[in-house]
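Here's the structure, in structure tokens; my notes come after.
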Amino acid sequence: MPDNSTAITTTVTATITAEQFAARTDEIIRSVSRVIDGKPDAVRSALVCLLAEGHLLIEDVPGVGKTMLARALAASVDATVRRIQFTPDLLPGDVTGVSVYNPVDREFEFKPGAVFAHIVIADEINRSSPKTQSALLEAMEERQVTVDGSTHPLPEPFLVVATQNPLEMEGTYALPEAQRDRFMMRISMGYPDAAAEALMIRQRDVVNPLADISPVADAASIAELIAWARAVHVAPAIEEYTVALAQATRSDPSLHLGASPRATLQLIRSAKVWAALDGRDFVIPDDVADLLIPVFAHRLLPARGANRFGAQPIETALRQIIDRVRVPVQARA
């Protein structure tokens, strides 16, 4: 965090109320929902990742609106947007940028890559090689890029929205654990219901819905909302509850790999925004429990033979953990 984060938080807290925060974010959600019909949870999750300074991984079969969600969020925020189509021949330098020799000045100069934007859409990220996938590691964690020994900061706010097809699809590369751990959340869009699909046919046959979206926020206002959400109160009992959930994943016999400390931190950060979207300036246990699966599930690995307990052993294990970990009482006191 920048050294002046405390000053920023103090100023924002004095000028924005919880109701104003909720009103501003509701406007963004309504704008995105004009394109993404019938998927309020997916839209809300995308906004949480933006305001919690995380990154979003959308995993689903082709054609269900993964890229459309990312583009709709980008269109609703007046900020720089870049889209990278990940393919097997994409090189790391295409993502981060390269140093090019300038014959006039007789020195190398840095040419920024596609990652230098407020919102980066990494489309079908698992279709590129692991070498290219790893080009995003530093950018996602440290919000900077290092090329030829020189460090270049990325713009703020910075959000990577990556889409990927399920791993059983042909021509894909599984994301390594280190890459998955950089994503704050993983969500699935799912198929639309019959009414939403019929409406999509009528509306999108003649017009692109993205063309009707006008920005309802800019980079400065998003930075203001981020600073306000950062100051949302988390009681010590809530922190202990979050740590207990994380530790339970590390000792569960049905899980081979538990949640990392980074996962615990990102669960708290996302819970702050989740509470703020509901017009609260404090986190409650339900905020943490509601986000446990989207924040933790993609980071965990099932133990050998865990599939015998169900088709989704990780989600099943997390639900059981939620049921058995004691919920704090009077957490705000």
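The values are calculated or read from the model by the stated rules, or taken from the named source; none is laboratory data. Everything quoted here is computed from the prediction, not taken from an experiment. Cβ: placed from backbone, ideal geometry, glycine included. Neighbour counts: every protein chain shown. Each accessible area value is taken on the protein alone, full model and side chains, heavy atoms only, with ligands, DNA and RNA left out. Shrake-Rupley method; radii C 1.70, N 1.55, O 1.52, S 1.80 Å.
Restricting segment 78-92 to residues that are at pLDDT 90 or above, touching a helix residue (DSSP H, G or I) at 6+ places or on another chain (Cβ under 8 Å) and in a strand (DSSP E or B) leaves a set whose member that is farthest from R34 (Cα to Cα) is I84.
This table checks each residue for (1) within 16 Å of the chain's Cα centre (by Cα); (2) without any contact (Cβ under 8 Å) to a residue 60 or more places away in the chain; (3) at positive phi.
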site: L56; (1), (2), (3): yes, no, no
site: E59; (1), (2), (3): yes, no, no
site: G97; (1), (2), (3): no, yes, yes
site: E107; (1), (2), (3): no, yes, no
site: A114; (1), (2), (3): no, yes, no
site: V120; (1), (2), (3): yes, yes, no
site: D123; (1), (2), (3): yes, yes, no
site: R127; (1), (2), (3): no, yes, no
site: P130; (1), (2), (3): no, yes, no
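Applying the condition of being of a type in the set (S, T, Y) and over 24 Å from S128 (Cα atoms) to segment 70-103 and asking which residue is surrounded by the most Cβ atoms within 10 Å (Cβ to Cβ) yields S76. Any residue in segment 32-42 that is within 23 Å of A263 (Cα to Cα), open to solvent by less than 40 Å² (accessible area, probe 1.4 Å) and either of a type in the set (V, I, T) or modelled with pLDDT of 80 or more (or both)? Yes, some residue in segment 32-42 is within 23 Å of A263 (Cα to Cα), open to solvent by less than 40 Å² (accessible area, probe 1.4 Å) and either of a type in the set (V, I, T) or modelled with pLDDT of 80 or more (or both). Selection within segment 269-285: residues that are part of a helix (DSSP H, G or I) and open to solvent by less than 30 Å² (accessible area, probe 1.4 Å). The member of this set that is farthest from W228 (Cα to Cα) is P285.
Screening the candidates L136, L175, L154 for the property of being at pLDDT below 90, open to solvent by less than 20 Å² (accessible area, probe 1.4 Å), within 19 Å of the chain's Cα centre (by Cα) and not polar (S, T, N, Q) yields one hit, L175.
Of all the criteria given as (1) over 20 Å from the mean Cα position of the chain (by Cα); (2) open to solvent by 40 Å² or more (accessible area, probe 1.4 Å), the one not satisfied by A231 is (1). Residues in segment 286-310 that are assigned to a loop (DSSP other than H, G, I, E, B) and either open to solvent by less than 100 Å² (accessible area, probe 1.4 Å) or at pLDDT 95 or above (or both): L300, A303, G305, G310. Against the criterion of being open to solvent by 70 Å² or more (accessible area, probe 1.4 Å) and either in a helix (DSSP H, G or I) or within 30 Å of A18 (Cα to Cα) (or both), Q320 qualifies.
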